[in-house]
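The values are calculated or read from the model by the stated rules, or taken from the named source; none is laboratory data. Here the structure is a predicted model, which means the values were calculated and not measured. A quick note on method: Cβ atoms are made from the backbone with ideal geometry, for glycine too, and the neighbour counts reach across all protein chains shown. Protein only, heavy atoms only, side chains kept; ligands, DNA and RNA dropped before computing areas. Shrake-Rupley method; radii C 1.70, N 1.55, O 1.52, S 1.80 Å.
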Amino acid sequence: MSSSLSISNLGRAPHRLMFFVGGFNLLLAMAWWTSWLAAARWDCFMMPQPEPYAGRLHAFLMQYQVLPSFFFGFLLTVFPRWIGEPDLDRRKAWPVGTGLLIGQILTLAGALGWHAAIVPGAIATLIGWCIGLIPLVRLAVLDAWKTWHAVGCLAAMCAGAIGLAFWLVYLVTANEVFGEVATRIGTFGLLVPVFFTVAHRMIPFFAASALPEYEAWRPLWALMAGWVLFGLQLALPPHWLWISDLPLFLLTLVLFVRWLPGRNMPPLLLVLFAGLAWLPLAFALYAAQNIALAISGQVVLGKAPAHALFVGFFGSILVAMVTRVTQGHSGRPLKLPPVAAYTFATLQIVCVVRIAAELASDWLAWQAVAATGWLLAFIPWVIWSARIYGSPRIDGRPG
């Protein structure tokens with residue numbers, strides 16, 4: 001490698017290394033899942049049935065190893081800025097990134113037949129995770145817990161560590177209750193609270209930065225209401241989840257409408273709001289699903305609500321946010337590059353296909369098509385961003 005494109009450049013800032021690891025983990029996890037779906041549907045090649053079973057393992061990979069890599073990159077970068085402290089030592093990210101990377105590689109090795117690697121993979125992930133929590137806790141203590149967005153994100157990341165502990169117990173005992181608890185914590189204790197809290201702080205800020213006449217609106221009551229409702233999602237039994245689904249739909253719809261600027265949004269802001277639109281839609285699907293469950297005892301939409309949330313909201317916001325951070329923190333203009341526009345647009349199609357797959361007769365085939373579409377959407381974007389993380393800032397500034 002040349003001096004301008006090298007591994008050493010990944011250490012210039014926490015987000016560089018962690019976003020690089022996140023992109024690598026994303027492609028690796030989805031390559032395995034796509035291959036497994038294709039093998040299961042068409043029997044075109046041999047893929048071992050992992051323990052735990054493939055669907056549960058797919059959820060774990062995305063919840064605890066792929067998306068958290070991006071979380072730690074973002075939070076280790078913005079936490080000091082949120083509370084007015086100097087940037088963290090850039091070396092803080094290395095053990096975190098190493099733990100999440102090795103953890104996923106071992107997990108996938110277990111999925112491919114080396115079953116003994118599954119538990120060490122979870123342990124490596126948990127070790128890297130806990131090391132990443134240490135500087136975040138220290139900063140929150142320095143701030144006397146006054147910055148609510150920092151407190152909310154930190155609480156969610158701590159919940160993620162608890163979810164990882166439940167996952168380890170599940171791996172050791174094979175008790176499905178622990179696996180289900182880990183999955184629920186991963187969704188409503190970790191991912192949704194982090195995305196929601198960051199959106200509450202950053203989306204109005206991004207809109208105000210791009211549109212001079214925009215008035216940023218970040219009511220504390222909305223943030224608190226979201227956290228309470230996410231807690232209910234963890235506490236309520238399945239037949240009563242609609243009690244939190246309906247207010248979450250209304251809350252996220254109100255925020256979307258209130259935050260939405262008028263016309264003439266620049267493309268980088270437009271994709272952010274297009275991704276945000278999936279959040280009330282996902283909770284509308286959850287509400288319909290769980291109301292039907294309460295009335296008839298039937299699960300009518302399968303995993304459609306979860307994938308509106310994961311692929312539609314999480315995936316879209318990931319592309320929009322990471323692209324913005326990557327552009328801004330590399331000295332590039334805050335514009336939507338063509339590769340990110342392609343990834344975002346393709347992801348919208350993938351989400352629709354994955355939701356529709358739940359209602360299709362050949363549902364496994366359509367899941368495989370959606371997974372393949374995910375890979376085709378993200379491969380160019382990950383390559384584009386990896387080249388930036390491996391290069392110095394184009395304006396010559398540090399970071």
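Things worth noting here:
- Of everything in the stretch 175-204 that is of a type in the set (S, T, N, Q) and touching a residue at least 60 places away in the same chain (Cβ under 8 Å), the residue that is farthest from Phe256 (Cα to Cα) is Thr183.
- Per-region count, the stretch 310-331, residues in contact (Cβ under 8 Å) with a residue 24 or more places away in the chain and out of contact with any Phe, Trp or Tyr (no Cβ under 9 Å at 6 or more places or on another chain): 4
- Taken over the stretch 347-396, the residue count meeting the criterion of being outside any loop (DSSP other than H, G, I, E, B), open to solvent by 30 Å² or more (accessible area, probe 1.4 Å) and among the β-branched types (Val, Ile, Thr) is 8.
- Some residue of the stretch 344-359 being in contact (Cβ under 8 Å) with a residue 60 or more places away in the chain and charged (D, E, K, R): no
- With respect to the stated conditions, Glu180 fails to be at pLDDT below 95 and open to solvent by 60 Å² or more (accessible area, probe 1.4 Å).
- Any hit, the stretch 347-364, residues being of a type in the set (S, T, N, Q), at pLDDT 95 or above and in contact with a Phe, Trp or Tyr (Cβ under 7 Å, 6 or more places away or on another chain): no
- Residue selected from the stretch 48-77 under the condition free of Cβ contacts under 8 Å to residues at least 60 places away in the same chain and not in a helix (DSSP H, G or I), by the criterion nearest to Leu347 (Cα to Cα): Tyr53
- Long-range neighbours under 7 Å by Cβ, at least six apart or interchain, first residue within 18 Å of Thr197 (Cβ to Cβ) within the stretch 124-149, second among the β-branched types (Val, Ile, Thr) and open to solvent by less than 20 Å² (accessible area, probe 1.4 Å): Gly132/Val96; His149/Thr197
- Count of residues meeting criterion [under 18 Å from Met62 (Cα atoms), outside any helix (DSSP H, G or I) and among the small types (Gly, Ala, Ser)] in the stretch 288-333: 0
- Tally of residues being open to solvent by less than 30 Å² (accessible area, probe 1.4 Å) and more than 19 Å from Asp87 (Cα to Cα) across the stretch 122-167: 14
- Taken as a whole, the structure leaves Val254 outside the set of residues that are modelled with pLDDT under 95 and open to solvent by 40 Å² or more (accessible area, probe 1.4 Å).
- Residue count for the stretch 78-99, restricted to those that are surrounded by fewer than 24 Cβ atoms within 10 Å (Cβ to Cβ), out of contact with any Gly (no Cβ under 9 Å at 6 or more places or on another chain) and assigned to a helix (DSSP H, G or I): 5
- Residue in the stretch 329-346 that is more than 16 Å from the chain's Cα centre (by Cα), at pLDDT 95 or above and β-branched (Val, Ile, Thr) present: yes
- The set of residues in the stretch 298-309 being without any contact (Cβ under 8 Å) to a residue 24 or more places away in the chain and open to solvent by 40 Å² or more (accessible area, probe 1.4 Å) consists of Gln298, Val299, Val300.
- Contact map, the stretch 207-230: residues that are under 22 Å from Gly262 (Cα atoms) paired with residues that are open to solvent by less than 60 Å² (accessible area, probe 1.4 Å) and hydroxyl-bearing (Ser, Thr, Tyr), Cβ distance under 8 Å, separation 6+ or inter-chain. Pairs shown: Ala207/Tyr214; Ala208/Tyr214.
- The residue pairs whose first member lies in the stretch 83-105 and is in contact (Cβ under 8 Å) with a residue 12 or more places away in the chain and under 29 Å from Trp148 (Cβ atoms), whose second member is open to solvent by 50 Å² or more (accessible area, probe 1.4 Å) and assigned to a helix (DSSP H, G or I), and whose beta carbons are closer than 6 Å, counting only pairs six or more residues apart or on different chains, are Pro95/Ile131; Val96/Ile131; Gly99/Ile127.
- Hey, Val192 over 30 Å from Lys335 (Cβ atoms) and β-branched (Val, Ile, Thr) or not: no
- Qualifying residue in the stretch 210-221 (condition: out of contact with any Pro (no Cβ under 7 Å at 6 or more places or on another chain) and surrounded by 22 or more Cβ atoms within 10 Å (Cβ to Cβ)): no
- Residue count, the stretch 330-346 (criterion: surrounded by 20 or more Cβ atoms within 10 Å (Cβ to Cβ) and among the β-branched types (Val, Ile, Thr)): 1
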